[in-house]
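Heads up: the structure comes next, in structure tokens.
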Amino acid sequence: MVNEGEFEEAIRKAEGIENKHEKSMTFCMIAEAMIYEGREKEAISLLNEAFEIAEEMEEFSQSLSMSKIAFTMAIAGKIEEALKMASNIEAPSERVYAMVRISQLLKDGDGIERARKILEEAERITEEMHDGIWKFISIKTVAYAFVNIGEVDKAWNLMEYAKNMAEKFDDDASIAYTSIAQFMVKLGRLNEAMELIENIREEYDKAWLLSDVAYMKKDIDLLKRAVKIARKMESTYEKVSVMTKIASITAELGKRKDADELIKECIRISEELEHKMEKAMGMAVISHAMFENGDERYRDVMNKSMEMAKKLEDFEKEYAYSLIARALIETGEIEEAMKFINEIENEEIRVAAYISVANDLIEEGREEDAMKIAEFMNDSLLKERIRK
């Protein structure tokens, strides 16, 4: 109904939703589409109604709903109203998240100074939070936002503080080190990243990050170290995933024979996988690595992956189809990827798979490819999000 511009009927349908969280989120979706159609006044009225519904919810659902409502209000250009709504969010982590998202709408031109002030206020909120993983996550969120407006030094100082926090964690320390190391790799601070990588316990995370650093340094020996760590993992899709990534990097660095050996090893591992979903996804990433290594047989492997996925249960298809579609896109077959997802009979799962792939592409800055998906779906709301 929203895609067809039937807003009044969509609102009437939404008003019949009993679950308050779902109702408020549906109102937000309708309001966002109305904003893109130039009907801001009606959208704002609907958002205010959604806010009143959210005030009656329990804290967790309330925080999630209010965060979405505030961000949608900001899309309508009502920044001060959006920030006022965000200030009512009980959970500090969600309040920070909402403020960060609002700031992202102001990062161009004169809005940068306003965005900086919002982020400084978000940083102040993190200072009042109790030490722990949620404070750590909030600090990281603010740090990334500072990077996006060019405040790299400010972001770096925040992550240094987060690093000092992580040293006091017990069970969550390794997760925190992984997150900080990812940030440092993004900023090109590879030596600092390596110091943290040494403290990561999870073999998958360690191997993955080592391969990132190896790629940026063009360091084959470091790649070989990543392989050794990956080989210690149990035979799962995650093992195949990280080893095919290393194989692709190895191929790009000109070591095609070594890459071929890694791919063959991944094929052997995939044959051991018992879970059909993992096997299908494993074959997809193997196909991509073969493509990167110039192996023309990659399409045969991809076809096997696609055939396996078709036999999966509905609840498994969203994730498997999304990943396989991404692998197809990476081999230059975006139309084939969209047609593949379109074969999912369950409409809810089909749409979720499309959106998942589109969101990943937007996150990577590949708006043109994401727009092809939006056009294939004829999703006007997704089109406007990409344009924004």
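The values are calculated or read from the model by the stated rules, or taken from the named source; none is laboratory data. Just so we're clear, the structure is a prediction, and the values are computed from it rather than from any experiment. Because the Cβ atoms are built from the backbone with ideal geometry, glycine has one as well, and the counts that use them run over all protein chains shown.
Quick look at the values:
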| read-out | value |
| --- | --- |
| Restricting the stretch 265-319 to residues that are outside any helix (DSSP H, G or I) and under 25 Å from the mean Cα position of the chain (by Cα), the residue that is surrounded by the fewest Cβ atoms within 10 Å (Cβ to Cβ) | Glu313 |
| Scope the stretch 65-113; condition closer than 23 Å to Lys41 by Cβ, among the charged types (D, E, K, R) and surrounded by fewer than 18 Cβ atoms within 10 Å (Cβ to Cβ); matching residues | Glu80, Glu81, Lys84 |
| Scope the stretch 331-359; condition under 14 Å from the mean Cα position of the chain (by Cα) and of a type in the set (A, V, I, L, M); matching residues | Ala352, Ala353, Ile355, Val357, Ala358 |
| Condition broken by Gln62, with the remaining ones in (1) within 22 Å of the chain's Cα centre (by Cα); (2) of a type in the set (S, T, N, Q); (3) surrounded by 22 or more Cβ atoms within 10 Å (Cβ to Cβ) satisfied | (1) |
| Which listed residue is closer than 24 Å to Phe169 by Cβ and surrounded by fewer than 19 Cβ atoms within 10 Å (Cβ to Cβ), from Met216, Met194 | Met194 |
| Residues located in the stretch 177-191, provided they are crowded, with 21+ Cβ neighbours inside 10 Å and either of a type in the set (A, V, I, L, M) or not in a helix (DSSP H, G or I) (or both) | Ile180, Ala181, Met184 |
| Condition met for Glu56 (assigned to a helix (DSSP H, G or I) and either in contact with a helix residue (DSSP H, G or I) (Cβ under 6 Å, 6 or more places away or on another chain) or surrounded by fewer than 24 Cβ atoms within 10 Å (Cβ to Cβ) (or both)) | no |
| Number of positions in the stretch 360-384 that are in contact (Cβ under 8 Å) with a residue 60 or more places away in the chain and either at negative phi or under 15 Å from the mean Cα position of the chain (by Cα) (or both) | 4 |
| Test: residue in the stretch 354-372 that is at pLDDT below 90 and in a loop (DSSP other than H, G, I, E, B) | yes |
| Long-range neighbours under 7 Å by Cβ, at least six apart or interchain, first residue more than 14 Å from Met233 (Cβ to Cβ) within the stretch 259-283, second surrounded by 18 or more Cβ atoms within 10 Å (Cβ to Cβ) and of a type in the set (D, E, K, R) | Met277/Glu316 |
| Helices (runs of 4 or more DSSP H) enclosed by the stretch 67-133 - at least 3 residues per element that are within 28 Å of Met165 (Cβ to Cβ) | 92-104, 111-128 |
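This table checks each residue for (1) part of a loop (DSSP other than H, G, I, E, B); (2) in the same structural domain as Met281 (by TED's automatic domain parsing); (3) over 19 Å from Lys140 (Cα atoms); (4) modelled with pLDDT of 95 or more.
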{"position": "Ile175", "(1), (2), (3), (4)": "no, no, no, no"}
{"position": "Arg201", "(1), (2), (3), (4)": "yes, no, yes, no"}
{"position": "Asp212", "(1), (2), (3), (4)": "no, no, yes, yes"}
{"position": "Met216", "(1), (2), (3), (4)": "no, no, yes, yes"}
{"position": "Val240", "(1), (2), (3), (4)": "no, yes, yes, yes"}
